Amino acid sequence: MQSLGQSPADPERNRQWQAQVAIVAAYREQFKVTTDDPAHILGPHAEPGTPARKPYWHAAESVIAARRLGGLEVLANAEVPSAWAQVAIDVYRMLPKAERSTISREIAARLGPLWFGSPTAPDDEAVAHSDPRFRVGCSTRRLWLSGCGRPSAA
């Protein structure tokens, strides 16, 4: 699974990486994922309400962790305080469906193969699982564009 990076030389990081890779491999085996497409390492998107949904998100988190441990760090190391991330999620969920759809598409475009949400519709769960910096940036920008948070002209 080259798309998960190389096995780290450091023994502890290697152990952690192996554990994440094992979770991804178990998901692929359980749900009979045969594709080798690095953009869809978990196969097709698991739709809400299906038995694969919860394991899908667990495996998606392992993909991201393995890529970071394996040296495929695609996101900067900056951290977003959890309170900001939660506010971004809450703001996102209050937006109209068209706005949520636009944000979902923006996050999907930025994350590429690390976007595990629906490719065709707003996916609240996928946005909640995505990198907090994208949630905060997209949600606050959308609020600004829609007029929320801007000083009134009065």
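Does the range 31-52 contain any residue that is of a type in the set (Gly, Ala, Ser), part of a loop (DSSP other than H, G, I, E, B) and surrounded by fewer than 12 Cβ atoms within 10 Å (Cβ to Cβ)? Yes, there is a match, as at least one residue in the range 31-52 is of a type in the set (Gly, Ala, Ser), part of a loop (DSSP other than H, G, I, E, B) and surrounded by fewer than 12 Cβ atoms within 10 Å (Cβ to Cβ). The sole residue among Ala78, Ala85 that is surrounded by 15 or more Cβ atoms within 10 Å (Cβ to Cβ) and either modelled with pLDDT under 90 or touching a Cys at 6+ places or on another chain (Cβ under 8 Å) (or both) is Ala85. Is it true that some residue in the range 53-62 is at pLDDT 80 or above and in contact with an Asp or Glu (Cβ under 8 Å, 6 or more places away or on another chain)? Looking for residues that are at pLDDT 80 or above and in contact with an Asp or Glu (Cβ under 8 Å, 6 or more places away or on another chain), one finds at least one in the range 53-62, hence yes. For the range 28-70, how many residues are out of contact with any Gly (no Cβ under 6 Å at 6 or more places or on another chain) and under 29 Å from Pro11 (Cβ atoms)? The qualifying residues number 20.
Filtering the range 37-52 to residues that are over 19 Å from Arg67 (Cα atoms) and either free of Cβ contacts under 8 Å to residues at least 60 places away in the same chain or assigned by TED's automatic domain parsing to the domain that holds Glu125 (or both) leaves Pro44, Ala46, Gly49, Thr50, Pro51, Ala52.
Looking at Ile103, Ile107, which one is surrounded by 13 or more Cβ atoms within 10 Å (Cβ to Cβ), under 23 Å from Ser3 (Cβ atoms) and modelled with pLDDT of 70 or more?
Matching residue, one of Ile103, Ile107: Ile107.
The values are calculated or read from the model by the stated rules, or taken from the named source; none is laboratory data. Values in this document were obtained by computation on a predicted structure and should not be read as measured data. No Cβ is skipped: glycine too gets one built from the backbone with ideal geometry, and neighbour counts run over all protein chains shown.
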